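A short worksheet on the structure shown next.
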Amino acid sequence: MREVTTIGIDIAKNIFQLHLADKQGKKIDSKRLSRDKLISFLANIPPCLIGMESCGSSYFWARQIEKSGHHVKLMAPQLVKPYVKSNKNDQNNAEAIAEAVRRPTMRFVPIKNIAQQDIQSLHRVREGAIKHKIFMSNQLRGLLAEYGIVFPQGNYALKTKFMTIIEDSNNELSELSRELFIDLFIQFKQADEKVKEYEKKIVLAAKENEQCQRVMKIEGVGPLIATAMVAAVGNARDFKNGREMAAWLGLVPKHIASGEKKTSTWNNQTRR
């Protein structure tokens with residue numbers, strides 16, 4: 001029987017589609033396994049190359065599968081798409097993943113460890129709290145403007161002058177509107193406190209992480225940038241050099257060429 005050397009896995013919440021191939025890339029078998037049977041099935045297969053798309057829960061499954069001795073590589077879905085034959089479905093997608101992971105020029109996504117995922121989750125929760133804070137501030141300002149009350153720009157003015165406005169009996173605010181605005185102001189302050197709380201946790205995480213400490217030795221880099229970099233990059237050894245990592249982060253000029261005309265513009269969008 002031919003030996004399995006490559007497996008493409010189309011991961012999902014409960015059902016996983018596997019495409020098993022030999023060293024020539026020819027199909028040996030395809031499997032459809034439930035969530036609780038995936039690891040036990042792979043544990044009974046000799047170590048091989050396993051490819052998966054980088055998506056929800058992919059880091060978790062990559063770490064679990066590597067414990068069985070397999071070599072796992074993650075790929076961005078847009079890089080796998082060109083290898084999908086015919087209509088897109090679980091089976092065709094698993095086959096495309098098995099084909100793409102064998103390509104010598106394929107670019108792979110570094111696998112994050114638990115510490116990096118913790119830091120990344122902290123940044124995302126903080127970002128959500130900031131958005132909620134901005135939303136509450138804008139809603140409060142917008143509704144107050146309908147009553148002829150306009151605050152100066154910045155959160156300081158809103159924090160220090162809000163109660164004075166609410167307690168002023170000479171404006172057009174009714175009893176009901178005052179209650180509503182006080183409730184919105186409380187939500188705004190709670191969101192502001194949450195942002196500060198998460199920032200303290202980020203500072204603490206940076207102090208406890210050796211990689212963050214090394215990154216912060218760079219001039220101008222503080223806890224926020226250091227933790228974001230460590231969480232986003234994963235294993236920096238997966239990059240050949242600094243230029244390759246900068247390109248992965250999006251810190252390169254956008255290049256457009258047609259015929260002999262070439263245009264380069266800087267694209268500041270970074271990968272998260």
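The values are calculated or read from the model by the stated rules, or taken from the named source; none is laboratory data. Just so it is clear, the structure is predicted and the values come from calculations on it, not from any experiment. Cβ sites come from the backbone with ideal geometry, for glycine too, and all protein chains shown count toward neighbours.
Quick look at the numbers
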item	result
Number of the condition not met by Lys13 [criteria: (1) among the charged types (D, E, K, R); (2) over 22 Å from the mean Cα position of the chain (by Cα); (3) farther than 24 Å from Phe239 by Cβ]	(2)
Neighbours by Cβ (under 6 Å, 6+ apart or cross-chain): first from segment 149-168, without any contact (Cβ under 8 Å) to a residue 12 or more places away in the chain; second assigned to a loop (DSSP other than H, G, I, E, B)	Ala157/Phe151
Selection count where residues are closer than 30 Å to Ile225 by Cβ, of a type in the set (D, E, K, R) and not in a helix (DSSP H, G or I), scope segment 150-207	0
Selection status of Lys88, within 28 Å of Leu204 (Cβ to Cβ) and either assigned by TED's automatic domain parsing to the domain that holds Gln24 or surrounded by fewer than 16 Cβ atoms within 10 Å (Cβ to Cβ) (or both)	no
Qualifying positions in segment 75-95 - under 16 Å from His19 (Cβ atoms) and among the hydrophobic types (A, V, I, L, M, F, W, C)	Met75, Val80, Val84, Ala94
Identity of the residue in segment 77-92, touching a residue at least 24 places away in the same chain (Cβ under 8 Å) and under 25 Å from the mean Cα position of the chain (by Cα), that ends up nearest to Gly56 (Cα to Cα)	Pro77
